[in-house]
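Undergrad: First the structure, then my questions, so here it is.
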Amino acid sequence: MEEKNAPIAEGGYRETLSRFELIDSPLWVFDTDHAKICWANRKALEIWKSDSLSELCERDMALDMSTSVEKRLRQYQSDFLQSNAKFREQWTIYPKGEPLTMSMYLSGFRLEDGRMAMLCEGHPTSESLAPESIRSVEALLHTPVMITLFDRSGSALYRNPAARESVPQLDMKLAQRFVKQTDASELFERLNSEDDVTSIYSVKTSTGVQWHEVSVRKCRDAVSGGIAFLCTESNVTALKHAQAHSNHLARHDALTGLPNRNHVMQRFQTAISEIAGTNKEAALIFLDLDHFKDVNDTLGHSAGDELLVDVAHRLRSIIRSSDMVARLGGDEFLILMLSKNIRNEIEIVKQRLAETVSKPITIHGTEIQVTTSVGVAIYPHHGLDMETLLRNADLAMYSSKDRGRNALTIYESQMSEKVQTRLRLEAELRDALNTSAFEVYYQPRVDMRTNQVVGAEALLRWNHKNGGILMPSEFIEACENIGLMCEIGDFVMNEVCKVQSEWHGKGYLIDISVNVSRKQLLAEDVVYQFQKIAQSYGADITRIEIDLKESMLVGHNNSLVSRVNEFRSAGFRVSIDDFGQEFTNLIKIKSLPLSSLKISPSFTSLITKEVAVTELLASLCGLMSFEVVALGVENFEQVNWLLTKSIYVCQGSFYSMPVPLSEFNSYLQSNCVQSS
């Protein structure tokens, strides 16, 4: 076997290996870095079923090596580098694919190039060794569960590969494993009275602090017979982080990252405990963004989300570190604060809201002015529990909205009475829709040159159960707040289409205009719904006019403009109602496919009083090239002036107030020429 030392360098190193040849046990050197045997004595060649050292050294041991074994070998190498470690273990090797179980003595061996290899001395085990014993050893090698046997002092008697890989130091004791020594003390204290203890602890590992489920059981060391502790560990860090993340999500708003209602409820209980017996007070400051739904409806929900995130950031910047700001949902936010002078702190927040939160923000190319309606409830004066305080802060916030929005209001007891009134109104409105208490009145539109009816405006009235007739100004806002506008709009359109069909059947070919609210116009299916209603009555869509307030088109609202185009494409007429009340973009108005402009009654009333203003408005109407209708005409003098300005159609009390259908039919018979 002249070639036996061919792979080994010359010198003293060869001499060491020559002495190893004299040992009557299988002995080989394993190069961990290259996963190859780099030297073996004759006994080892026999064990490995190799005819020569060259052939054995050429075998690639990594080909059928499991990941667990590879990690274990790397761990041996690390231990050899750290200390003069030696190991005795049971291995199963596979010479030419046949299993052979051996007792192994393993130690470090420095190669000539300075790298650390492993010297392996093997002793074949008894052939009578039970298969279960062999397999249990393999299971301990491959399992990811960390298994360690400690003696009574906490020193490791045995670690399986997973456990050895986990500890940062080979000689780490059980108590040193724990990040918190109080956890170690608690564990040992429990083991005094319990035989088996399982819990989750933060522990020190070779990769840093991790969370492990640790189970420790009292037992006996099979070698010495002394008391021992069998410790098994499973890494539950991912689960722990998932739980922490889940807990965070349960207590925080996903969009803004602010605490949510659950979190602030818990914080409130803590806050109440903190101020017990002191002269401190607590305040719940409830904020609602003004006209937030318009942002969602006109710019899209992504813009709304962007606005909410920005507002959350601004709110964080105006509070003290001891305060909490939370998002309750939608566009509702809450600030919880404690102070000895709570009203002074509320005033500071009010000022900061105006200075910081109300600064304009540009989203999707549109500048938005952020304002808030704010309500405040103070503990203990306005409630002793969170729910009561929240309810009263909400009432105060609605009072801010009633005052015109962009205001802060502190709760007062009479606010509850106002809310009860509002709730009753909302309930009555729902009932009115179900019991046909709504009625459509009609006001004629007249050609002042002939005094003949050329159109009509449909106007909603509520026949209240108490006997009075309520105007839209008394209930439309409530309808918008409770989401009834689309249903009421469909009701009006049904009445209009039915009546128009009847009039046309009698030869009265007149236009009917219908007021459409902003919320109705933003409904995606409004055009289709109106078309369907018109078709069901055989109504002429080209003689139905959609009246839009001038204010609805202020601000370059692309969604609303798009809806105007949809109505015109479907065949409806579209008009601007109350023209002249807003500083409208005239170029934009001119570009819309409108049928007519309706001059606001406020301008009609100025005729002969503010001549320059009314002359200017009349000139603007002429430049627009639309049909012009003057609203609110009350006297003959106004009629004459309008005629001199080539404005021929009007609507107002000079001819007729809005009247029920039966009265309008009578007026129509007397003042409208029937077509043949």
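Values in this text are rule-based calculations from the coordinates and carry no lab data. Just so you know, these numbers come straight off a predicted model, no measurement behind them. All Cβ positions, even for glycine, are placed from backbone atoms using ideal geometry, and neighbour counts span all protein chains on display.
Undergrad: What number, rounded to the nearest 500 deg cm²/dmol, is the helix-based mean residue ellipticity at 222 nm of the chain, given -39500 (n - 2.57) per DSSP H run of at least four residues and division by all its residues?
TA: Taken over the chain, the calculation gives -12500 deg cm²/dmol.
Undergrad: Based on the alpha-carbon set only, what is the convex hull volume of the range 169-248 divided per residue, in Å³?
TA: Enclosed volume per residue, from the Cα hull, is 109 Å³.
Undergrad: Evaluate the Debye formula for the range 215-315 with equal point scatterers sitting on the alpha carbons, no solvent, and hand back log10 of I(q)/I(0) at q = 0.14 Å⁻¹, in q order, two decimals.
TA: Relative scattering, expressed as log10 I(q)/I(0), comes to -0.81.
Undergrad: Can you find, among MET657, LEU389, ILE488, the residue sitting farthest towards the positive end of the charge dipole of the chain, where Lys and Arg contribute +1 and Asp and Glu -1 at Cβ?
TA: So the residue furthest toward the plus end is LEU389.
Undergrad: Right, here's the next one. At what distance in nm do the modelled label points of SER107 and GLN176 sit from each other, each positioned 7 Å from its Cα along Cα→Cβ?
TA: 2.4
Undergrad: Using every Cα-Cα pair within the range 429-671, state what percent have a distance larger than 27 Å.
TA: 35
Undergrad: Below 18 Å, Cα to Cα, which lysines can LYS240 reach? Residues fewer than 8 away in the same chain don't count.
TA: LYS180, LYS204
Undergrad: A further question follows. Using Cα positions and a limit of under 27 Å, work out the lysines in reach of LYS645, with same-chain residues fewer than 8 apart set aside.
TA: LYS549, LYS588, LYS590, LYS598, LYS609
Undergrad: Roughly how many debye, to the nearest 20, is the charge dipole of the range 429-671 about its Cα centre, given +1 on each Lys and Arg Cβ, -1 on each Asp and Glu Cβ, and no other charges?
TA: 360
Undergrad: Could you tell me the calculated FRET efficiency between TYR94 and SER185, based on Cβ-Cβ distance and R0 = 56 angstrom, to the nearest 0.05?
TA: Once rounded, the FRET efficiency stands at 0.75.
Undergrad: Evaluate the distance, in nm, between pseudo-label points positioned 7 Å from the Cα of ASP33 and of GLU347 along their respective Cα→Cβ axes.
TA: Modelled inter-label distance: 7.7 nm.
Undergrad: I need ARG88, ARG320 ordered by Cβ neighbour count within 10 Å, fewest first.
TA: ARG88, ARG320
Undergrad: Would you calculate the separation in nanometres between label points at LEU509 and ASN279, each defined as 7 Å from the Cα along the Cα-to-beta-carbon direction?
TA: 8.5
Undergrad: Can you give the FRET efficiency for GLU487 and SER302, using 1/(1 + (r/R0)^6), R0 = 22 Å, r = Cβ-Cβ distance, to the nearest 0.05? Could the numbers behind the result be given before it?
TA: Numbers: r = 29 Å, r/R0 = 1.30.
For R0 = 22 Å, the calculated efficiency reads 0.15.
Undergrad: Quick one: net charge around ILE533, please, counting Lys, Arg +1 and Asp, Glu -1 for every other residue with C-beta under 14 Å from its C-beta.
TA: The answer is -3.
Undergrad: Over the range 252-413, what lengths in whole Å, largest first, do the semi-axes of the equivalent ellipsoid take, defined as the square roots of 5 times the eigenvalues of the alpha-carbon gyration tensor?
TA: Values for the range 252-413, descending: 27, 16, 14 Å.
Undergrad: Taking a temperature of 25 °C and a viscosity of 0.890 mPa s, what whole-number D in µm²/s does Stokes-Einstein yield for the range 412-476 with Rh from Kirkwood over alpha carbon pairs?
TA: In µm²/s, the coefficient is 172.
Undergrad: About the Cα centre of the chain, what is the dipole size in debye to 20, counting +1 per Lys and Arg Cβ and -1 per Asp and Glu Cβ, all else neutral?
TA: On the way: 70 positive and 89 negative charges, 182 e Å.
Its charge dipole is roughly 880 debye.
Undergrad: Based on the Cβ-Cβ distance of SER501 and HIS313, what FRET efficiency does E = 1/(1 + (r/R0)^6) give at R0 = 60 Å, to the nearest 0.05?
TA: It comes to 0.60.
Undergrad: Still on this structure, I have one more. Could you give the length gained by full extension between THR16 and THR421, i.e. 0.36 nm per residue of separation minus their alpha carbon distance, to one decimal place? Mind dumping the intermediate values first?
TA: On the way: separation 405, 0.36 × 405 = 145.80 nm, distance 10.27 nm.
Gain in length upon complete extension: 135.5 nm.
Undergrad: Count charges around MET172 for me, please; just the other residues with Cβ under 11 Å from its Cβ, Lys/Arg as +1, Asp/Glu as -1.
TA: +4
Undergrad: Then there is this: For the chain, what value does the Rg/Rh ratio take when both radii are computed over Cα atoms and Rh is the Kirkwood radius, given to two decimals?
TA: On the way: Rg = 44.0 Å, Rh = 34.1 Å.
Reported Rg/Rh (Cα atoms, Kirkwood Rh): 1.29.
Undergrad: If the only charges are +1 at each Lys and Arg Cβ and -1 at each Asp and Glu Cβ, what is the size of the charge dipole of the range 143-241 around the Cα centre, to the nearest 20 debye?
TA: It comes to approximately 180 debye.
Undergrad: Right, here's the next one. Which length gain, in nm to one decimal place, applies between ASN466 and ASP402 when the Cα-Cα distance is subtracted from 0.36 nm times their residue separation?
TA: Numbers: separation 64, 0.36 × 64 = 23.04 nm, distance 2.49 nm.
Between ASN466 and ASP402, full extension yields 20.6 nm more.
Undergrad: May I pose another question? State the extension gain, in nm to one decimal, for the chain segment bounded by GLN243 and GLU566, taking 0.36 nm per residue of separation less the distance between their alpha-carbons. Write out the running numbers ahead of the final one.
TA: Numbers: separation 323, 0.36 × 323 = 116.28 nm, distance 5.06 nm.
111.2 nm is the gain from fully extending GLN243 to GLU566.
Undergrad: Report the net charge of residues surrounding PRO593, where surrounding means a beta-carbon distance below 10 angstrom and charges are Lys +1, Arg +1, Asp -1, Glu -1.
TA: Neighbour charge sum, excluding PRO593 itself: +2.
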